[in-house]
Amino acid sequence: MNKHSEQHPWPDTSLKAGYLLLLAAGVAVLFLANIAFGSVPIPLSEIVSILISGSSEHEAWTNIIEKIRLPRAFTAVLAGSALSIGGLQMQTLFRNPLAGPSVLGITAGASLGVAVVMLAAGTITSIFAVQQLSSLGSWLIIGAASIGSSLVLFLILLISARIRDSVTLLIIGLMIGNMTIALVSIWQYFSRPEQIRDYLIWTFGSLGGVTVEQLWILALVVLAGSAMAFILSKPLNGLLLGENYARSMGLSVGRARFWIILSTSLLAGGVTAFCGPIGFVGVAVPHLARSLLGTNDHRMLIPGTLLMGALLMLACDIVAQVPGSSTTLPISAVTSLVGSPVVIWVIVKRKNLQASFS
Amino acid sequence: MKATQTPVLQAADVQIGYRSKRGAKAVVAEHIDVDLHAGELICLLGPNGSGKSTLIRTLAGMQPMLDGNISLFGKHIAELSVKEIAKRLSTVLTDRVTIGNLTVYTMVAFGRAPYTGWLGSLSQEDEEVVRRAIEAAGLRAFVHRDVARLSDGERQKVMIARALAQDTPVILLDEPTAHLDLPNRVEIIRLLRRLAHETGKGILLSTHELDLALKAADRIWLMNRRQELISGVPEDLVLNGTFEQVFKQDSFDFDRATGSFRLHQSEGREVSLAGDAVAVFWTRRALEREGFRVLEEGGKELGITVSSGPEAYRWTVQDEEEQKECASVRELIAVLRSRK
């Protein structure tokens, strides 16, 4: 017996913060790097001094950092975390490795809202121009996106109360998403080319369009959604075994599902409203986090996914800004271009994606 | 002794099945009056489609019953919350758990869910219960193993250990031995039997393993295709012909004499068989496969005697004309075939 326990010691079940601290440090480094790179070269010492004391040799530098680069970096952190946690929750709820925050059609709903505003109004070109300059135009687009995603969310919650089976719900979500995209596409068909162009630009996604005041709202939404997700760790763990087992272990599956969908909708809807549709991150990051942490325990996985999402989005944004040039690439394309090889590499190397959802 | 205890789980005139949207009932079984006592292992048997899984899900409170009353420790199951049920009754389902990136320990620890706080962190006491459950299921050597890298039998034991960690006086298992090989099936049943008798849990498992159920169960609940459930001690059900009735089908029958299914209809020629008991048992099988009706009394025109020699068995075939010696069942069959 003694020999037995030496050979197979009981595991330490306390939560290990090691990897999380490492990830947090990585986020901090990339955050600084994200601020440091841009079309206007600013020395690192000046950046630090601006961040600490808020003053610099050049007034313009302070402005660039405080008004443009800091909000942009914060937006990247928020968007990356939010989409990743949304994706993680969908993957667990639907027990499907390909699920992401967009499966419920929430992103499509936001797109429909924006399409309605942009393509219906005649002088739409000016509205998009307004978005860059004053807050009115961007609020209009954010409002439209929020209403669009909320409508889809409401529909999904209504359906989820009637349908007990999550796979059916997944398919219904996908269908609603398809219908929404079809509506947008019909709208595009009857629109003028310049209107379509504006809409297309929105669909590329952007981290740079969020102002400081909007950032507060986005932060609040993401914080609420993430807190909800963390509180849901225990039911999410139970759902790993399937809904019947979760119920047999005393978890109220229906209630948990409501909150999971609500949390994901807030996270995905909020980010899509402010930044446009940003693909890929939500599907990929949970896999990266599982791979790094080697666990499916959501108490570890949610903080890990949050940090990993922030990390990946900051990195992608640095690439998107093409350091040393004044060009900016669409963020949505960069997340896929940078992220996909990373995920392929991790899956091939660690071989444990299959282990998570065989 | 058992009769004086109140049952841990009791069903009174329960009707199980499904209700369609329009309120029409699809009854799977009805008038179910059964009880499960502490320290008892009950096997639920019945042909496919007789409603075993439906009954287990209904007893576990996962599916509403159509009519009747199910009580857990004297309390109506509909009045208990999911959490209250989970503290009294744990379930091992047929749902395949395919998740990975979880150690056996973590998986078993999920069973503590009804007792842990909102985050699911384990207290010292929880840890001890989990460890006891792992040891009881014989999984000590697997604690660090990823559940995705376990064999079917090992994974089933993990799910049972998880139910043990849930620390409930009642455990329901839906076909825990399906997809397992014979040693694993025997091991799981033996484990459940030990748990029932040593820890005083009331355990109900559904199974298709007639042999094992007859040997291991304290009582058997037998569901037939006529929406009935018959309960009793295994031997009584065999002797009063209930088994034969339930499993009566066109192609095979339950054999009261052996407690197993008869694959072949022995309507053919009669043969008498005598000799060493072990050899007779196996020779009988071969003969029945060949279409003979085997009788243990002698005096038939065709007779076979098995004797255990110093090294091997020997078969002597005797008919009116001649006597032949055979050294194996194969030879015996060859001789019998040549006579046709």
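Using only helices, what value at 222 nm comes out for chain B when you add -39,500 (n - 2.57) per DSSP H run of length 4 or more and divide by the total residues, to the nearest 500 deg cm²/dmol?
Working: 11 runs with 108 residues, N = 340.
Counting only the DSSP helices, I get -9500 deg cm²/dmol.
If you put +1 on each Lys and Arg Cβ and -1 on each Asp and Glu Cβ, how big is the dipole of chain A around its Cα centre, in Debye rounded to 20?
On the way: 19 positive and 13 negative charges, 233 e Å.
For chain A, the charge dipole is close to 1120 debye.
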### Summary
Shape call for the stretch A:138-179, from the Cα gyration tensor axes a ≥ b ≥ c (a/c under 1.5 means rounded, otherwise prolate when a/b beats b/c, else oblate), comes out prolate
### Task
Show that you can apply the helix-only estimate: for chain A, add -39,500 (n - 2.57) for every DSSP H stretch of four or more residues, divide by all residues, and state [θ] at 222 nm to the nearest 500.
-24500 deg cm²/dmol
### Task
For chain A, with a Gaussian network of springs between Cα atoms less than 10 Å apart, report the residue from A:L174, A:L112, A:L207 with the top mean-square fluctuation.
A:L174
### Query
Tell me which aspartates and glutamates have Cα within less than 15 Å of B:K25's Cα, excluding those fewer than 8 residues away on the same chain?
B:D67
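My understanding is that a pair violates if its Cα-Cα distance is over 27 Å; which of B:K52/B:K201; B:K52/B:K83; B:K52/B:K157; A:K16/B:K87; B:K157/B:K201 do that in this structure?
Values: B:K52/B:K201 21 Å; B:K52/B:K83 24 Å; B:K52/B:K157 21 Å; A:K16/B:K87 29 Å; B:K157/B:K201 17 Å.
With Cα atoms farther than 27 Å apart: A:K16/B:K87.
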### Query
Let a ≥ b ≥ c be the square roots of the eigenvalues of the Cα gyration tensor of chain A; is it rounded (a/c under 1.5), or, if not, prolate (a/b larger than b/c) or oblate?
oblate
### Summary
When the charge dipole of chain A is computed with +1 at the Cβ of Lys and Arg and -1 at the Cβ of Asp and Glu, the Cα pointing farthest to the positive end, of A:L311, A:L157, A:V117, is that of A:L157
### Task
Using only Cα atoms, tell me the angle between helix B:329-339 and the longest principal axis of chain B; keep it within 0 to 90° and round to the nearest 10.
50
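If a/c stays under 1.5 just call it rounded; otherwise compare a/b with b/c (prolate if a/b is bigger, oblate if not). Do that for the stretch B:76-186, with a ≥ b ≥ c from the square roots of the Cα gyration tensor eigenvalues.
Taking the square roots of the gyration eigenvalues as a ≥ b ≥ c, the stretch B:76-186 is oblate.
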### Summary
If each K or R counts +1 and each D or E counts -1, the residues other than A:A76 whose Cβ falls under 15 Å of its Cβ total +1
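Could you work out the mean count of beta carbons from other protein chains within 10 Å of each residue's beta carbon in B:143-152? All intermediate terms of the calculation are to be shown ahead of the outcome.
Working: counts 4, 4, 1, 6, 3, 7, 1, 0, 0, 0.
If you average over the peptide's residues, the count of other-chain Cβ atoms is 3.
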### Task
Helix by helix through chain A, keep the DSSP H runs that span 20 Å or more along the axis on Cα and average at least 0.0 on Kyte-Doolittle, and give those back in order.
A:18-36, A:70-93, A:106-120, A:135-162, A:166-189, A:212-231, A:253-275, A:298-320, A:331-350
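What length, rounded to one decimal in nm, is gained on full extension from A:L51 through to A:V212, with 0.36 nm per residue of separation minus their alpha-carbon distance? Kindly include the intermediate steps, with their values, before the conclusion.
Numbers: separation 161, 0.36 × 161 = 57.96 nm, distance 1.54 nm.
Between A:L51 and A:V212, full extension yields an extra 56.4 nm.
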### Summary
Label model pair A:I163, A:E59: point-to-point distance (7 angstrom along the Cα→beta-carbon line) in nm is 5.9
### Task
In debye, nearest 20, what is the charge dipole magnitude of the protein assembly as shown about its Cα centre with +1 on Lys and Arg Cβ and -1 on Asp and Glu Cβ, if you could check?
1200
### Task
Excluding residues fewer than 8 places away in the same chain, name every one of the aspartates and glutamates whose C-alpha is closer than 12 Å to that of A:K234.
A:D297
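Hull surface divided by four, with the convex hull built on the Cα atoms of the protein assembly as shown: how many nm²? Show your work: numbers first, answer last.
Numbers: hull surface 171.5 nm².
Quarter of the Cα hull surface area: 42.9 nm².
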### Query
How large is ³J(HN,Hα) for each residue in the stretch B:96-104, as worked out from phi by the Karplus curve 6.51 cos²θ - 1.76 cosθ + 1.60 (θ = phi - 60°), to whole Hz, x for Gly and Pro?
7, 8, 10, 6, x, 6, 9, 7, 4
### Summary
Within the under-10-Å Cβ sphere about B:L122, not counting B:L122, Lys/Arg +1 and Asp/Glu -1 give a net charge of -3
#### Entry: Nearby aspartates and glutamates by direct alpha-carbon distance to B:K324 (threshold 16 angstrom, same-chain neighbours under 8 apart not counted)
B:E301
### Summary
Final fewest-first order of B:D126, B:D13, B:D95, B:D174 on the 10 Å Cβ neighbour count is B:D13, B:D95, B:D126, B:D174
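Full extension from B:D255 to B:E325: what is 0.36 nm times the residue separation minus their Cα-Cα distance, to one decimal in nm? It would help to have the intermediate numbers written out before the result.
On the way: separation 70, 0.36 × 70 = 25.20 nm, distance 3.04 nm.
Between B:D255 and B:E325, full extension yields an extra 22.2 nm.
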#### Entry: Positive-end residue of A:I260, A:L241, A:V221, charge dipole of the stretch A:153-304 with Cβ unit charges
A:L241
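Output the antiparallel fraction of DSSP beta bridges having both residues in the protein assembly as shown, as a percent to the nearest 5. Kindly include the intermediate steps, with their values, before the conclusion.
Values: 34 of 58 bridges.
Approximately 60 percent, going by the DSSP bridge assignments.
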### Query
Helix B:182-199 sits at what angle to the longest principal axis of chain B, using alpha carbons and giving 0 to 90 degrees rounded to 10?
50
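Given R₀ = 25 Å, FRET efficiency for B:H144-B:D181 by Cβ-Cβ distance, to 0.05?
Working: r = 25 Å, r/R0 = 0.99.
The pair B:H144/B:D181 has a calculated efficiency of 0.50.
Read the figures in this text as sums done on the coordinates, not as results from a lab. All values derive from a computational prediction rather than experimental measurement. Reconstructed Cβ throughout: ideal geometry from the backbone, glycine too, with neighbour counts over all protein chains shown.
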